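Undergrad: Below is one structure. I have some questions about it.
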Amino acid sequence: MYIGIDIGGTNLVAGVTNGKGQIIDKVTRPVNKDWDVDELCRQIGQLALQATEVGGFKPEEVHAVGVGLPGLVDNKTGTVIQTPNMPFDHTPFRKLFQEKWDVPVFLGNDANCAAIGEYWAGAAKGCDPAVVITLGTGIGGGMVVNGKLFTGFANSGMEVGHMCIHPNGIRCNCGNRGCWEQYGSATALIRITQEEMHYNPKSALWEFAEGDLNKVSGRTAFQAARVGDASGRKVLFRYLQGLSIGLISLVNILQPEIICLGGGVSNAEDDLLLDPLRELMAQGSYDRTCPTRLEKASLGNDAGIVGAAMLCHMF
Ligand SMILES: [Zn+2]
């Protein structure tokens, strides 16, 4: 039995899985923003034990505990180096956890855990190399190659969201300009939609956003394009161009067997998202037949739990 814990800014979720990465049961609790790092670690430990109990197991039946969280982690030393909006700061997480429960503990970042989850039990099962791209606030990436997680030599490899696709492009939070996530993330899609609405007050985009720019979501442009709205289609055209540039680069550099797209945007219907992206990838890849498959990730939020639980097999 394995425990996978997905640590987010608002919730902690822990799942018990079997050796195939199938979730048997899971438990969750909300994060209190006032917790300091010791309290947060204590809560994570408690939740792991609670998941074990709910799953009907004893702590000694757990082979390993894996923890996935946004930010920079070092599994070699068991340290959470840095996380946005959480109190971790070069925190010796493994040591703190094992003071309470002596079990093997593994760390991974959330994008890498999503990739491991899809590789073990989702859309990328049996594919190698497998790349999983998560389209959210930014763009997260993870890759499994030869059955192992690729992290680079110092833990921050596969930060694909920050590959430059426009040398003089939009300023990114990382300090550089023209990063892929400024064009291909859900945030970027919302920005492009709002820009188009500004120029086209009669567009159906306004109806789907209830006349309010603040109500634009990653779905708005897809909804408008679905009813044949020219502005909606224009937004998607621009967005898919940007998204495809990064995908083409990944194909040209890595030639993975599969690229899975996850995150809310990936729920769009195939004829508006995956089909045009596949066409753009075939047109733009060095190998024009583009044997790399592009698919939707299939585990949703569970990918992070499964991936965390299976981290112990990935190093
Ligand atoms: Zn960047």
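The values are calculated or read from the model by the stated rules, or taken from the named source; none is laboratory data. Just so we're clear, the structure is a prediction, and the values are computed from it rather than from any experiment. For neighbour counting, all protein chains shown are included, and Cβ atoms are generated from backbone atoms with ideal geometry for every residue, glycine included. Areas reflect the complete protein model, heavy atoms only, side chains present, ligands, DNA and RNA absent. Shrake-Rupley method; radii C 1.70, N 1.55, O 1.52, S 1.80 Å.
Undergrad: Could you tell me which residue of the range 85-112 is nearest to the chain's Cα centre (by Cα), considering only residues that are surrounded by 15 or more Cβ atoms within 10 Å (Cβ to Cβ) and under 13 Å from Leu40 (Cβ atoms)?
TA: So, considering only residues that are surrounded by 15 or more Cβ atoms within 10 Å (Cβ to Cβ) and under 13 Å from Leu40 (Cβ atoms), the one nearest to the chain's Cα centre (by Cα) is Met86.
Undergrad: Where the second residue is assigned to a loop (DSSP other than H, G, I, E, B) and within 16 Å of the ligand (Cβ to nearest atom) and the first is on the phi > 0 side of the Ramachandran plot and open to solvent by less than 50 Å² (accessible area, probe 1.4 Å) and lies in the range 180-203, which pairs have Cβ atoms under 8 Å and are six or more apart or on separate chains?
TA: none
Undergrad: Another one. Identify, by number, the condition in (1) open to solvent by less than 70 Å² (accessible area, probe 1.4 Å); (2) of a type outside the set (Gly, Ala, Ser); (3) more than 27 Å from Gly138 (Cβ to Cβ) that Asp38 doesn't meet.
TA: (1)
Undergrad: If you check Gly15, Gly45, Gly9, which single one turns out to be touching a Phe, Trp or Tyr at 6+ places or on another chain (Cβ under 7 Å) and open to solvent by less than 70 Å² (accessible area, probe 1.4 Å)? So that I can check it myself, show each step before the final result.
TA: Working: Gly15 fails: touching a Phe, Trp or Tyr at 6+ places or on another chain (Cβ under 7 Å); Gly9 fails: touching a Phe, Trp or Tyr at 6+ places or on another chain (Cβ under 7 Å).
Going through Gly15, Gly45, Gly9 in turn, just one is touching a Phe, Trp or Tyr at 6+ places or on another chain (Cβ under 7 Å) and open to solvent by less than 70 Å² (accessible area, probe 1.4 Å): Gly45.
Undergrad: Another question about this same structure. Mind checking whether some residue in the range 64-84 is crowded, with 20+ Cβ neighbours inside 10 Å and among the small types (Gly, Ala, Ser)?
TA: Yes; the residues of the range 64-84 include at least one that is crowded, with 20+ Cβ neighbours inside 10 Å and among the small types (Gly, Ala, Ser).
Undergrad: Just to be sure before I move on: is Glu207 exposed (fewer than 15 other Cβ atoms within 10 Å of the Cβ) and of a type in the set (D, E, K, R) in the structure I sent? Talk me through it step by step, then tell me what you get.
TA: Working: exposed (fewer than 15 other Cβ atoms within 10 Å of the Cβ): yes; of a type in the set (D, E, K, R): yes.
Spelling it out, Glu207 is indeed exposed (fewer than 15 other Cβ atoms within 10 Å of the Cβ) and of a type in the set (D, E, K, R).
Undergrad: Just checking: which of the strands (runs of 3 or more DSSP E) contained wholly in the range 88-177 hold 3 or more residues that are away from the ligand (no atom under 16 Å from the Cβ) and more than 30 Å from Asp34 (Cα to Cα)?
TA: Numbers: elements: 89-91, 105-109, 130-135, 139-145.
Of the strands (runs of 3 or more DSSP E) lying wholly inside the range 88-177, those with at least 3 residues that are away from the ligand (no atom under 16 Å from the Cβ) and more than 30 Å from Asp34 (Cα to Cα) span 130-135, 139-145.
Undergrad: Take Leu274 and decide whether it is open to solvent by 40 Å² or more (accessible area, probe 1.4 Å) and aliphatic (A, V, I, L, M). Steps first, please.
TA: Numbers: open to solvent by 40 Å² or more (accessible area, probe 1.4 Å): no; aliphatic (A, V, I, L, M): yes.
So Leu274 fails the test.
Undergrad: Another one. Can you find a residue that is open to solvent by 80 Å² or more (accessible area, probe 1.4 Å), touching a Gly at 6+ places or on another chain (Cβ under 8 Å) and of a type outside the set (Gly, Ala, Ser) anywhere in the range 220-229?
TA: Start the filter on the range 220-229 by keeping residues that are open to solvent by 80 Å² or more (accessible area, probe 1.4 Å), which leaves 226-227.
Now narrow it down to the ones that are touching a Gly at 6+ places or on another chain (Cβ under 8 Å): 226.
Then drop every residue that is not of a type outside the set (Gly, Ala, Ser), which leaves 226.
Checked the range 220-229: at least one residue is open to solvent by 80 Å² or more (accessible area, probe 1.4 Å), touching a Gly at 6+ places or on another chain (Cβ under 8 Å) and of a type outside the set (Gly, Ala, Ser).
Undergrad: Would you pick out the residues in the range 277-292 that are surrounded by 13 or more Cβ atoms within 10 Å (Cβ to Cβ) and more than 15 Å from Gly246 (Cβ to Cβ)?
TA: Within the range 277-292, the subset surrounded by 13 or more Cβ atoms within 10 Å (Cβ to Cβ) is 277-282, 284-285, 290, 292.
Glu279, Ala282, listed by residue number.
Undergrad: Right, something else. Can you say whether Tyr119 is crowded, with 16+ Cβ neighbours inside 10 Å, in contact (Cβ under 8 Å) with a residue 24 or more places away in the chain and more than 26 Å from Ala221 (Cβ to Cβ), as far as the supplied structure shows?
TA: On the way: crowded, with 16+ Cβ neighbours inside 10 Å: yes; in contact (Cβ under 8 Å) with a residue 24 or more places away in the chain: yes; more than 26 Å from Ala221 (Cβ to Cβ): yes.
Here the answer is yes, as Tyr119 does meet what is asked.
Undergrad: Would you mind stating whether Leu213 is at pLDDT 95 or above, out of contact with any Cys (no Cβ under 6 Å at 6 or more places or on another chain) and either under 27 Å from Ala114 (Cα atoms) or among the charged types (D, E, K, R) (or both)? Steps first, please.
TA: Numbers: at pLDDT 95 or above: yes; out of contact with any Cys (no Cβ under 6 Å at 6 or more places or on another chain): yes; either under 27 Å from Ala114 (Cα atoms) or among the charged types (D, E, K, R) (or both): no.
Taking the combined requirement at face value, the residue does not satisfy it.
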